[in-house]
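Working notes, beginning with the structure itself.
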């Protein structure tokens, strides 16, 4: 009997001073899973925060990716958490590419 071993990284999601909805958590997990194509992270932490500056966007996503060779971190601000997470992941992808050069 074959057993598939799920090597999915452990993603911890923390929302500061609010409760992240199920849809947002699923969105983050799906996006973070795609990072495994670019690197082999051992774990990741996503911190979601609200800020008081609606002009620049009051949603902040801080992503820390733990990989061999050192952690990678990106912090992005946007009008929605989804946009902030997308931007932070793009930032981390660029960091991975630079490290590979």
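The values are calculated or read from the model by the stated rules, or taken from the named source; none is laboratory data. Because the structure is a prediction, the values reported are computed rather than measured. Neighbour counts are summed over all protein chains in view; Cβ atoms, including those assigned to glycine, are modelled from backbone coordinates with ideal geometry.
Can you go through 39, 68 and tell me which one is exposed (fewer than 10 other Cβ atoms within 10 Å of the Cβ), over 10 Å from the mean Cα position of the chain (by Cα) and modelled with pLDDT under 95? Within the list 39, 68, the selection yields 68.
Can residue 50 be described as surrounded by 16 or more Cβ atoms within 10 Å (Cβ to Cβ) and in contact (Cβ under 8 Å) with a residue 12 or more places away in the chain?
For residue 50, the condition - surrounded by 16 or more Cβ atoms within 10 Å (Cβ to Cβ) and in contact (Cβ under 8 Å) with a residue 12 or more places away in the chain - is not met.
Of the residues 34, 100, 22, which is surrounded by fewer than 17 Cβ atoms within 10 Å (Cβ to Cβ) and in contact (Cβ under 8 Å) with a residue 24 or more places away in the chain? After ruling out the rest, the residue left standing is 34. Taken together, the criteria place residue 93 among residues that are surrounded by 13 or more Cβ atoms within 10 Å (Cβ to Cβ), closer than 20 Å to residue 10 by Cβ and within 11 Å of the chain's Cα centre (by Cα).
Residue 75 satisfies every condition listed in (1) at pLDDT 95 or above; (2) surrounded by 16 or more Cβ atoms within 10 Å (Cβ to Cβ); (3) within 15 Å of residue 93 (Cα to Cα) except (2). Scanning segment 4-19 for residues that are surrounded by fewer than 16 Cβ atoms within 10 Å (Cβ to Cβ), touching a strand residue (DSSP E or B) at 6+ places or on another chain (Cβ under 8 Å) and assigned to a loop (DSSP other than H, G, I, E, B) yields 16, 17, 18.
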